[in-house]
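Written out below as structure tokens is the structure these notes cover.
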Amino acid sequence: MKEFKHFINGEYVSSASGKLFENRCPVDNSLIGKVHEAGEAEVDTAVRAAKAALKGSWGKMTQKQRSEMLYKIADRINERFDEFLDAECLDTGKPRSMASHIDIPRGAANFKEFAESMSHPTEGFRMDTPDGAGALNVGHRTPKGVIAVVSPWNLPLLLMTFKVGPALACGNTVVVKPSEETPATATLLGEVMNECGVPPGVFNVVHGFGPDSAGAFLTSHPLVDAITFTGETRTGEAIMRAASVGLRNVSMECGGKNPGLVFADCDLEKAVGGTMRSAFVNCGQVCLGTERVYVERSIFDQFLARMKEEVAKLKLGRPEDPEANFGPLVSLEHRDKVKSYYDLAREEGATVEIGGGIPDMGAELNGGAWIEPTIWTGLPDDARVVREEIFGPCCHIRPFDTEDEAIALANDTNYGLACAIWTENSARAIRVAQQMEVGLAWVNSWFLRDLRTSFGGAKQSGLGREGGVHGLEFYAETKNICIKL
Ligand SMILES: NC(=O)c1ccc[n+]([C@@H]2O[C@H](COP(=O)([O-])OP(=O)(O)OC[C@H]3O[C@@H](n4cnc5c(N)ncnc54)[C@H](O)[C@@H]3O)[C@@H](O)[C@H]2O)c1
Ligand SMILES: O=C/C=C/C=C(\O)C(=O)O
């Protein structure tokens, strides 16, 4: 039986309490292994190890030496690519074709890219003084200290390393709390850190749940200097409360209810292809995913018909099935949640255009967390299904008549993470993108990522920006040194 242990101070350790929880594969609900659940003691040991490592050889390294180490980590992830791929696909059930193009390569790239951007020059200002001699102001960056990284299950390695990469590049140390659903790749990354000579205590992993478990123990630990979180908005609120004690900084990447805006002057096939990806890739479990699609009335029927044709072609199957492009949801628990929204949609008056239920996958897979990709129409704008984040493979498609109406509908949400605008009219694209209340506006594309750009959400989708030099705000402490000449 595989055991997932904590990785603390360069070693794999068990929980003193002996508390373990099960890790199951959502493809068929088979048992992958048991995970050690951290109590306050293990979390405390991990945080203290991270604190001590700041003062050790890690803290004395130059930026260049750290960058070289990050390059090595990226290379080692690529050398052990198949192991990361196996681990991620077993934990999430996602198609290998997807994880091998997105999750694992980005896991490696997150170390390489941030080694670069964190070396960004600091500012310098010469100022006049009354005596005429002047003064020089020089920006100076130091690490924040111990960063707690709390991450979700949908893109486990990608989202965790999107934080660990810049945190280490800035010279911090980290304690990671991966999602209880997906402990494997974070655990494996510990081996990579040791193989690359990362000093003990720089990268730590503690396993467990949120409330009254590893997540809460970590985020309330007084020696944690800052907390970066990706997950649900309500969890973000709980973490902010914990962070308020001792005034610790937070970076929050939270939920979304992202709109797609499809104008009659779009390239229809591009819009259909892009919306298919944005609604259904990773079984709809992408924070940037589109759950509300607004389509200009003159092409509404055509767009809907093409979407239904494409959904009918999605191939559900095991991760290793080369034909499969659609896996299960992450867990039976999440399947119950998504299914409850499918039922609610009917109660709220939706027309179920396609899907809406649980597929028959055959005896071997019926125990898994499978659900049908689903399209609805006809819901009122205040329906819960249109307003709440479902985080499943589903979207509601609704017609609009004018550009202003489309913008108003798209912005009528508490969330503000991302949107996708489909039009061949560039003036319109810019005009609409500027009015969208989101952190990320894609035009004729979706989830196209340049890691130098800012990443984060408006409204209840997040706080702060990570990505490129924007992460420096959070991962580094900037000091102004004023030198009187
Ligand atoms: N904006 C983004 O970049 C982004 C990216 C991916 C996912 N998400 C969001 O994540 C959600 C899905 O992921 P999830 O279900 O794992 O989210 P979640 O909020 O349930 O859990 C995220 C992490 O927080 C931990 N946690 C839960 N309660 C906690 C507490 N009280 N204190 C400390 N830690 C706690 C969990 O154990 C897990 O590791 C969706 O809402 C999705 O939109 C956002
Ligand atoms: O599910 C959310 C996806 C987030 C993606 C990123 O954080 C990224 O591409 O850096």
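The values are calculated or read from the model by the stated rules, or taken from the named source; none is laboratory data. Note that this is a predicted model, so its numbers are computed, not measured. We place every Cβ from the backbone using ideal geometry, glycine too, and count neighbours over all the protein chains shown. Ligands, DNA and RNA are stripped out before the accessible areas are found, and what is left, the full protein with its side chains, is counted by its heavy atoms. Shrake-Rupley method; radii C 1.70, N 1.55, O 1.52, S 1.80 Å.
Here are some notes:
- A Cβ distance below 9 Å, combined with a sequence gap of six or more or placement on separate chains, defines the contacts here; from segment 51-62, residues that are of a type outside the set (A, V, I, L, M) reach residues that are open to solvent by 70 Å² or more (accessible area, probe 1.4 Å) and modelled with pLDDT of 95 or more in the pairs 56/200.
- Residue check, residue 235 within 13 Å of ligand 1 (Cβ to nearest atom) and open to solvent by less than 30 Å² (accessible area, probe 1.4 Å): no
- Residue within segment 449-470 that is within 15 Å of ligand 1 (Cβ to nearest atom), open to solvent by 10 Å² or more (accessible area, probe 1.4 Å) and part of a helix (DSSP H, G or I) present: yes
- Residue within segment 307-323 that is assigned to a helix (DSSP H, G or I), more than 19 Å from residue 381 (Cα to Cα) and small (Gly, Ala, Ser) present: yes
- Extreme residue, nearest to ligand 1 (Cβ to nearest atom), among residues of segment 437-448 that are among the aliphatic types (A, V, I, L, M) and crowded, with 20+ Cβ neighbours inside 10 Å: 440
- Yes/no for residue 261 being away from ligand 1 (no atom under 16 Å from the Cβ), among the aliphatic types (A, V, I, L, M) and over 24 Å from the mean Cα position of the chain (by Cα): no
- Condition met for residue 168 (among the aliphatic types (A, V, I, L, M) and under 23 Å from residue 476 (Cα atoms)): yes
- From the list 368, 356, 362, the lone residue that is surrounded by fewer than 19 Cβ atoms within 10 Å (Cβ to Cβ), small (Gly, Ala, Ser) and assigned to a loop (DSSP other than H, G, I, E, B) is 362.
- Members of segment 251-275 found to be open to solvent by 20 Å² or more (accessible area, probe 1.4 Å) and among the aliphatic types (A, V, I, L, M), listed by number: 264, 268
- Within segment 83-109, residues that are free of Cβ contacts under 8 Å to residues at least 40 places away in the same chain have Cβ atoms under 8 Å from residues that are part of a helix (DSSP H, G or I) and basic (Lys, Arg) in these pairs: 85/96, counting only partners at least 6 apart in sequence or on another chain.
- Scan of segment 264-305 for residues that are within 28 Å of residue 334 (Cβ to Cβ), away from ligand 1 (no atom under 16 Å from the Cβ) and among the hydroxyl-bearing types (Ser, Thr, Tyr), ordered by number: 275, 294
- Taken over segment 382-414, the criterion of being closer than 27 Å to residue 434 by Cβ, in a helix (DSSP H, G or I) and either open to solvent by less than 50 Å² (accessible area, probe 1.4 Å) or polar (S, T, N, Q) (or both) is satisfied by 386, 403, 406, 407, 409, 410, 411.
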